[in-house]
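*Asks:* Got a structure for you, questions after.
The values are calculated or read from the model by the stated rules, or taken from the named source; none is laboratory data. Quick caveat: nothing in here was measured; it's all calculated off a predicted structure. Cβ placement follows ideal geometry from the backbone for every residue including glycine, while neighbour counts extend to all protein chains displayed. In case anyone asks, the SASA skips ligands and DNA or RNA and just uses the protein heavy atoms, side chains included. Shrake-Rupley method; radii C 1.70, N 1.55, O 1.52, S 1.80 Å.
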Amino acid sequence: MTMPDLAFNRGRRPLVRWAVLFLILILQHVSAWTNIDPKRKIVAESNRHIERSTMIRFKLPRPSRGTIFSAVPSEQSAMSRRDGIKHLILSTTLAAALLHTQSIQPASAYTPDPDPLRESLYFVSRVQEATVQQERFVRRASRQELLKSKMKLTLRLVEKNYRLLDQITYVSQFITPESKVVEATNAGYEAAEALQNAIDYVKEELGTGEFDKGQKEYLIENLAECREKLFDFLAYVPQEKLEGARRRVEEENVANRDEFDGDSDAGVYNPVVLPWKDR
């Protein structure tokens, strides 16, 4: 080999070494991407399954403007609704455990109950009260736009402050007997869905002018269903905790009434009859 050839080979060797190192790095990265830890795959797939499950919506048929509402669902849709809710119950077990470690509070400032279960039952009781108030709005309304402006605000506050679905998920841990967990939780989720139906209908379907046939009936039906399904759900929770939560609602209402009565600028305070007082 001539001297020029030796010089050329010596100059080329560093380049070859760098090329080999670069190739090794590429192979290592490819290996890292293709050989994913099976546990990570299982966790990722489980999370995607829960996300898909919690996005399931079970809506009753609702009347559009200018249509007549039929309150009789088909047998196929009823079966699909039940199957979907059972699937959602199973998928939210992890969420229930996480909620147990959190303090559930409404957006407004107030003094929370030191007992988490009684606090959650207080929110559920407030939702029941709110359905009676909203139903009164619907029955008294004369035009769609007036009802929409009033209910859109109040229902948003109910949804934001009381977070009914969170309460149902949390309280489900305390249902007894154990054989009634699925039945009771099913009723709770149906209550939350009925409330959501009313919220969506007010937001998306109410327009202007006088009411079309079936519009008021649809809202009243969903509000009443929410309230009654919550009674079914609450039948299986610790009753002494529930009584304490309801007593707090009653005491706060009395205090609010007294405060409004003493304030000439507060307007007329016109509370509804609490739904458990009518049973």
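*Asks:* Nothing charged except the Cβ atoms of Lys and Arg (+1) and of Asp and Glu (-1): what's the magnitude of the dipole of segment 135-279 about its Cα centre? Round to the nearest 20 debye. Could you put the intermediate results ahead of the total?
*Replies:* Numbers: 23 positive and 29 negative charges, 37 e Å.
My answer is approximately 180 debye.
*Asks:* Of K180/K277; K152/K180; K148/K213; K150/K241; K229/K277, which ones are farther than 27 Å apart at the Cα? Provide the component values of the computation, followed by the final result.
*Replies:* Working: K180/K277 25 Å; K152/K180 35 Å; K148/K213 16 Å; K150/K241 33 Å; K229/K277 16 Å.
From the list (K180/K277; K152/K180; K148/K213; K150/K241; K229/K277), the Cα-Cα distance tops 27 Å for K152/K180; K150/K241.
*Asks:* For R163, what accessible area in Å² do you get when you roll a 1.4 Å probe over the heavy atoms of the protein chains, rounding to the nearest 10?
*Replies:* Its heavy atoms expose roughly 70 Å² to the probe.
*Asks:* Counting residues in segment 150-198 as N, plug N into 2.2 N^0.38 Å and put the Cα Rg over that result. Don't skip to the answer; put the middle values down first.
*Replies:* Values: Rg = 12.6 Å, N = 49, 2.2 N^0.38 = 9.7 Å.
After normalising by residue count via 2.2 N^0.38 Å, the value is 1.31.
*Asks:* Along the positive direction of the dipole of segment 166-246 (beta-carbon charges: Lys, Arg +1; Asp, Glu -1; about the Cα centre), which of Q215, I175, G244 reaches farthest?
*Replies:* G244
*Asks:* Another question about this same structure. Residue by residue through segment 180-191, which ³J(HN,Hα) values in whole Hz follow from phi under the Karplus form 6.51 cos²θ - 1.76 cosθ + 1.60 (θ = phi - 60°), with glycine and proline marked x?
*Replies:* Here the 3J(HN,Hα) series is 9, 4, 5, 4, 5, 5, 4, 4, x, 5, 5, 5 Hz.
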